Amino acid sequence: MEEPKSSAPSSRSEPGQGGQGDGAGGAIILFFILGLAASLLVGWVAFPALLYSEKRQPVDFNHALHNEIVDHGCASCHFFRADGGFSGAPKLAQCIECHREANSDDPEEIRFVEEYVKPGREVPWLVYARQPDCVFFSHAAHVRLGGIDCAVCHGPMGESTSLRPYQENRITGYSRDIWGWNIAGIKRNSWDRMKMDDCAECHAQARVPGGSVQTQKDGCFVCHK
Amino acid sequence: MDQPKNKRYGMVIDLDKCTGCGACMVACMAENNIPFRDDDTDKLLSVSWMHVYRLSNGKPFPQAEECFLPRPCQHCEGEHGHSPCVSVCPATATDYDMHTGIVSQIYTRCFGCRYCMAACPYHVRQFNWWDPVWPEGMERALNPDVSVRMRGVVEKCSFCYSRYQTALNRAYVEGRRELAEEEYQTACAQACPAGAIVFGDLNNPRHRVHRIVQPDLAHGGRPRNPKAFRLLERLGTHPKVYYLTGRDWVRRAGDNEVQKS
Amino acid sequence: MKIDRRSFLAFVLGGAAGTALSPLPWKLTDDISIWTQNWPWTPVPPKGETTYVDSTCTLCPGGCGIRVRRVEDRVVKIEGRNDHPVNRGGICPLGAAGAQLLYSPWRVRQPLKKMDGRFVPVSWEQAIGEIAGVLRELREAGTPEAVAWIADTDRGTTAELCRRFLTVYGSPNFIRTPCAQDAWETALYLTQGQRATAGFDLERATFLLSLGSGLLEGWGTPPFVFRARGALKDNNGRFVQAEARLSKTAAKADQWLPILPGSEGTLAFGLIHVLLKEGRERKPFVAAHTAGLEELKRQALQEAFSPEAVAQATGLEAKAVVELARAFAAAERPLAVCGRGAGRVPGGLQETLAVHFLNALVGSVNVEGGVIAVPEPEYIRWPEPEMDAVASKGMQTPRVDGAGSERYPHARYLLNRLPEALLQGDRPAVRVLFVSGGNPFYSLAGGERTEKALARIPLIVSFSPFLDETAAAAHYILPAPTHLERWEDVPGAAGYPKPVVGLARPVVPPRFATMPTADVVLRLARRLGGPIRAAFPWESHEACLRQTLGPAWETLRRKGFAVEEGFKPQPFETASRKFEFANADLKRLAAFRPLPAPGDPGAFKLTLVPFDTLRLTAALGAPPFLVKALESEILLKNDIRVEIHPQTARDLGLADGADARITTPQGSARVKVYLTEGIRPGLVGMARGLGRGAHDRYLAGKGVSANRLLALVEDPSSGLEAGWGIRARLERA
């Protein structure tokens, strides 16, 4: 934000020193740069800030701490149900198994017990990886059949000590994790983005055989409902 | 990654057993979140994946006969999966899956040009002219396994693909890759109180649907059972929905030639 | 520095270049396209854990086993239970649409009281208190018999509690809504001496003759009958339908006999005539197990039942009658059934007796593939209640409907006679009417006269969970929970040939402040005190159910049903221990005579015949899915279509789809016509179940109700409702 100010004196001195035409040319370049800079700022800084609204998770959960205590890693709380579905974010009933009373003097835990456990209110967790309604994602197929680790899509979530804010796209209502945190869509890790192309990329790498007549790739119904 | 042997899911409907009660239609509506409107009596505009048609032999009283023909999507295989609708879709919103033989429809991909509706010889596709609206509270009965369709897109029967997805999920969790015949059944086949609808894998000689139809898979699945026929066989669309009847006029009606006789 | 046009353009160009180099346009395009794919107003059903709960459907007397799919606490789908003996996985359209009843916005959410013609919410305490007050006054005045109760079943703990309440209160006027079983139960009692319901072993019959029964249109327990029809086909059996119109049942029969409407009984006697004349009865069975054949011969061998006379009466050829009788007699396991349409009209007793005799002559009574007397379940064994003087006196007064009187000694319930009884005298005979099912304000024929009669009752209490016609006409609505929110024992499945008991359970907690009808009864009893209170020692309906079922409760709770697989029918319990074609009781009945359609044939040239469809219901209304599935041959926009033959249409100058006005001696209505070769010339076919004055906006106000155009017709031999049609006129509108 400091740049325009520092360049201001030089640009002000230009009209006096040069001729009419040069000055005009300089002004044009100047305005071009101004427009360029302003739009780049809008596009890279203001737009992402405006596009997403930020929400805090209802309870600040420490994955790392829990991971140390539980016996079965992620599957201790995120497990497959008998109906073949995946439990996703745990229900209050699971939390209560350990947290009927606060186990520590951590103020966040005490607040969790007071606000949710005691009144029996489900925690409205904001799911970073929530896909839109048209998507059918089978955890069973990926984890059980494909043997893929949770972190491949969810990143090192299990090592986090605190929950990062949840950002929601104001236009689509999607979680920011779907597009990825890099506004340019650049991805460094497999979990950085969760769009259809990312699914397709991985399916292609894993040579999931395609049954589609139209695309020679996967059939559409493999991932859609 | 190895893939289990290709399936060719299909259906056989015994028209001599079907009573036209409509349980298949209602079961389908409940399973697949079919919307309803104040006036659904114009059946050309009414969205219904499964529709029971009433056929008449055209003879005068008292020789008049009627037959009821439930019509889901025929899931045509065409030549190498080029079913009439799949070939024309400009949006790749509908597709033929060689692994299952099911013609898919992706609503978020569809932009509503309705070319597929024009191409389909069986009227199985319907356009959502209106936003789906449920009266207050009734949206609670919506099934989360099937997307609710918006205004402006085409939809059709999916052979209850979501039931295939959930059945597979259960199998994967139990460490299996193959489904037993009864694990994946469409809502209509399951509901039919007359036992007229049989659903299964036409490629699997143990499945009832294969045993009944005895499909000649080298020739587009033509039925070897003399009582079995497909709608508009002469078009070469190779549907995977077969019909059984012992009545000649019904069979002829199935090829739309009832007027000629 | 001067900001001129050129510098402005440069600024814009720079802006454009910068924008293109930023993610804005690309991301925005992507987001907007996603936005157009997921309109925020298109509902997204919440995901969750899927569970299944087994229960029993109580939407009709069928008692099918259902499997309810829930996602978290929402009911999303109802399927048939594969392991249930009655429906074996099948389900009817109404059962499949059951979740729409649970989530209907037209449910009654709390007790309502009508004040100045409008319903206002009241508390349960107030409603029950006020009704108990009226009941107390009637008892104090010594007229407890002025209370009547209409229920759609007389079995199970809820119905028995209601009946017990009336008994200790002092009223004999518990009335079950009419159904074909009324006539069958009487027929079984008169010929076999058995108090039982009629079961039909349709699955194992090899020749099925249906005299006007809508076997595939709601008769009996639809999934069971449908499966049996399939079995008949698989076994190369034969199915013959005698009916005036090409109904769905007729269309699926191997042979359709388009008889004149109302001639079913004559045809049955004609078949008996041929059987006896040609000596084709099963002699070993008849000799060993029946009595009174000579009397039957005297009756059936009359000239009036000769093939020629029957041909005349039925519109068939004499040869066809003889051939049918021979084929029926020659079949391995022949079975004849009756009860017109969905079996909601009992029909004439003599007609049912004729059909039953036909079965007895070929040995198809209480055997495999025949009519089976299924004993009424006996698990309800409560001690006889203590009655005070008022109750004893009240119970000795004759029933308001005349059932059990000298004139109708064998009838148990005659709801069809209630309207006339109500119209007698200055004050109506019924001062308080409770209605727990059956929706009589809609389903009783008789048009305005019936309505006028029912409206004379000063206090009507409806227990309907929905705002149906009866609820709308009631003074109080005490809403019961729906079939997915309450416990209910379900004894028997209509027409099923084995004793079976099912248990309906709350699949989800009640959505609204509803109360099971049985609990209202318990509360009323507590309010009234004394012997009435003492007759009901149970805390709640659920507690009563537990105690009543005893050890069976746990089995039922676990399994959901109990069926007597190895059931063997009881021996006949008549004086002769045989099946009696004749006895003193039978002799006293008014002789068989075909009942003509009411109305003057000179003024009304046509005959209106109602028909039933599974896509509509009599009492319950139809949830939106059923209305959606309704054929455009029945409903077009808001108009009902009536079926007429093209010849009839030509005579009347009506084209297909034309607007017309139908007039009967009971009333007149606007309809559209539908031309079909599937109906006899001179008839007008009309679906029952439309013309609703209440219910939701998907059903209300569409078409007209056939019941408003039909008249109540009393069977002279039993008093039962036997109307099958009415004379009518159709004109261009």
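Within the option set C:GLU406, C:GLU368, being more than 20 Å from C:CYS162 (Cβ to Cβ), of a type in the set (D, E, K, R) and in contact (Cβ under 8 Å) with a residue 12 or more places away in the chain holds for one residue only, C:GLU368. Among the residues making up region C:528-557, those that are charged (D, E, K, R) and out of contact with any Lys or Arg (no Cβ under 8 Å at 6 or more places or on another chain) are C:GLU539, C:GLU542, C:ARG546, C:GLU554.
What tally of residues in region C:1-54 results from selecting those that are at the interface with chain A (Cβ under 7 Å from one of its Cβ atoms) and among the hydroxyl-bearing types (Ser, Thr, Tyr)? Of the residues in region C:1-54, 4 are at the interface with chain A (Cβ under 7 Å from one of its Cβ atoms) and among the hydroxyl-bearing types (Ser, Thr, Tyr). Of all residues in region B:57-65, at least one satisfies being in contact with a Lys or Arg (Cβ under 7 Å, 6 or more places away or on another chain), farther than 30 Å from C:ARG70 by Cβ and not acidic (Asp, Glu). All but one of (1) more than 22 Å from C:GLU573 (Cα to Cα); (2) of a type outside the set (Asp, Glu); (3) touching a Leu at 6+ places or on another chain (Cβ under 8 Å) hold for C:ALA331, so report the exception by its number. With (1) more than 22 Å from C:GLU573 (Cα to Cα); (2) of a type outside the set (Asp, Glu); (3) touching a Leu at 6+ places or on another chain (Cβ under 8 Å) applied to C:ALA331, the lone miss is (3). Within region B:71-108, if we keep just the residues that are free of Cβ contacts under 8 Å to residues at least 24 places away in the same chain and over 23 Å from B:GLY152 (Cα atoms), the residue that is surrounded by the most Cβ atoms within 10 Å (Cβ to Cβ) turns out to be B:ASP97.
Residue-by-condition table, conditions (1) of a type in the set (Gly, Ala, Ser); (2) crowded, with 21+ Cβ neighbours inside 10 Å; (3) under 20 Å from B:ARG54 (Cα atoms):
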position: C:LEU608; (1), (2), (3): no, yes, no
position: C:PHE611; (1), (2), (3): no, yes, yes
position: C:ARG615; (1), (2), (3): no, yes, yes
position: C:LEU630; (1), (2), (3): no, yes, yes
position: C:ILE640; (1), (2), (3): no, yes, yes
position: C:GLY657; (1), (2), (3): yes, no, yes
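Residue-level analysis places C:VAL521 outside the set of residues that are surrounded by 15 or more Cβ atoms within 10 Å (Cβ to Cβ) and modelled with pLDDT under 95. Looking at A:ALA129, A:ALA204, A:ALA140, A:ALA151, just one residue is more than 25 Å from B:VAL173 (Cβ to Cβ) and either away from every other protein chain (no Cβ under 13 Å) or of a type in the set (Gly, Ala, Ser) (or both), and that residue is A:ALA204.
Residues are listed down the side, and each one gets a yes or a no for (1) more than 16 Å from C:GLU488 (Cβ to Cβ); (2) free of Cβ contacts under 8 Å to residues at least 12 places away in the same chain:
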site	(1), (2)
C:ASN38	yes, yes
C:PRO45	yes, no
C:CYS60	no, no
C:GLY65	no, no
C:ARG69	yes, no
C:VAL76	yes, no
C:ALA96	yes, no
C:ARG107	yes, no
C:LYS113	yes, no
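Looking only at region B:3-15, decide whether some residue is facing another protein chain (nearest Cβ under 9 Å), crowded, with 21+ Cβ neighbours inside 10 Å and under 28 Å from C:GLY703 (Cα atoms).
No: region B:3-15 contains no residue that is facing another protein chain (nearest Cβ under 9 Å), crowded, with 21+ Cβ neighbours inside 10 Å and under 28 Å from C:GLY703 (Cα atoms).
For region C:228-248, which residues satisfy the criterion of being modelled with pLDDT of 95 or more and within 8 Å of another protein chain (Cβ to nearest Cβ)? Of everything in region C:228-248, those that are modelled with pLDDT of 95 or more and within 8 Å of another protein chain (Cβ to nearest Cβ) turn out to be C:LEU246, C:LYS248.
Can you give me the ranges of the helices (runs of 4 or more DSSP H) entirely in region A:95-180 with at least 3 residues that are assigned by TED's automatic domain parsing to the domain that holds A:ALA200, surrounded by 15 or more Cβ atoms within 10 Å (Cβ to Cβ) and in contact (Cβ under 8 Å) with a residue 12 or more places away in the chain?
Qualifying helices (runs of 4 or more DSSP H): A:150-154, A:176-179.
Of everything in region C:70-128 that's among the small types (Gly, Ala, Ser) and in contact with a Ser or Thr (Cβ under 9 Å, 6 or more places away or on another chain), which residue is farthest from the other protein chains (Cβ to nearest Cβ)? The qualifying residue farthest from the other protein chains (Cβ to nearest Cβ) is C:GLY98.
May I ask you to say which residue of C:ALA534, C:ALA543, C:ALA590 is over 30 Å from the mean Cα position of the chain (by Cα) and of a type in the set (A, V, I, L, M, F, W, C)?
The unique qualifying residue is C:ALA534.
Residue selection: B:ASP131 fails the criterion of being of a type in the set (D, E, K, R), crowded, with 23+ Cβ neighbours inside 10 Å and assigned to a loop (DSSP other than H, G, I, E, B). Considering the conditions (1) more than 8 Å from chain C (Cβ to nearest Cβ); (2) under 30 Å from B:ALA171 (Cβ atoms), A:SER87 is excluded by exactly one of them, (1). Within region A:54-94, being surrounded by 13 or more Cβ atoms within 10 Å (Cβ to Cβ) and small (Gly, Ala, Ser) holds for A:ALA64, A:ALA75, A:SER76, A:GLY84, A:GLY85, A:SER87, A:GLY88, A:ALA89. Looking at region B:135-229, the helices (runs of 4 or more DSSP H) lying wholly inside it that each contain 2 or more residues that are more than 14 Å from chain C (Cβ to nearest Cβ) and within 19 Å of the chain's Cα centre (by Cα) sit at B:161-173, B:208-213.
How many of the residues in region C:511-537 are outside any loop (DSSP other than H, G, I, E, B) and not polar (S, T, N, Q)? Going through region C:511-537 one residue at a time, the tally reaches 16. Listed conditions (1) away from chain B (no Cβ under 11 Å); (2) under 25 Å from B:ARG163 (Cα atoms) are all met by A:ILE178, apart from (2).
Selection within region A:21-41: residues that are at the interface with chain C (Cβ under 8 Å from one of its Cβ atoms) and at pLDDT below 85. The member of this set that is surrounded by the fewest Cβ atoms within 10 Å (Cβ to Cβ) is A:ALA24. Is there a residue being on the phi > 0 side of the Ramachandran plot, buried (at least 19 other Cβ atoms within 10 Å of the Cβ), in contact with a Lys or Arg (Cβ under 7 Å, 6 or more places away or on another chain) and at pLDDT 95 or above anywhere in region B:109-128? Within region B:109-128, none of the residues are on the phi > 0 side of the Ramachandran plot, buried (at least 19 other Cβ atoms within 10 Å of the Cβ), in contact with a Lys or Arg (Cβ under 7 Å, 6 or more places away or on another chain) and at pLDDT 95 or above. Among the residues making up region C:693-728, those that are under 20 Å from C:PHE466 (Cα atoms), out of contact with any strand residue (DSSP E or B) (no Cβ under 9 Å at 6 or more places or on another chain) and either of a type in the set (S, T, N, Q) or within 14 Å of another protein chain (Cβ to nearest Cβ) (or both) are C:ARG697, C:TYR698, C:LEU699, C:ALA700, C:GLY701.
The values are calculated or read from the model by the stated rules, or taken from the named source; none is laboratory data. Bear in mind that the values here come from a model prediction, so they are computed numbers and not experimental data. For neighbour counting, all protein chains shown are included, and Cβ atoms are generated from backbone atoms with ideal geometry for every residue, glycine included.
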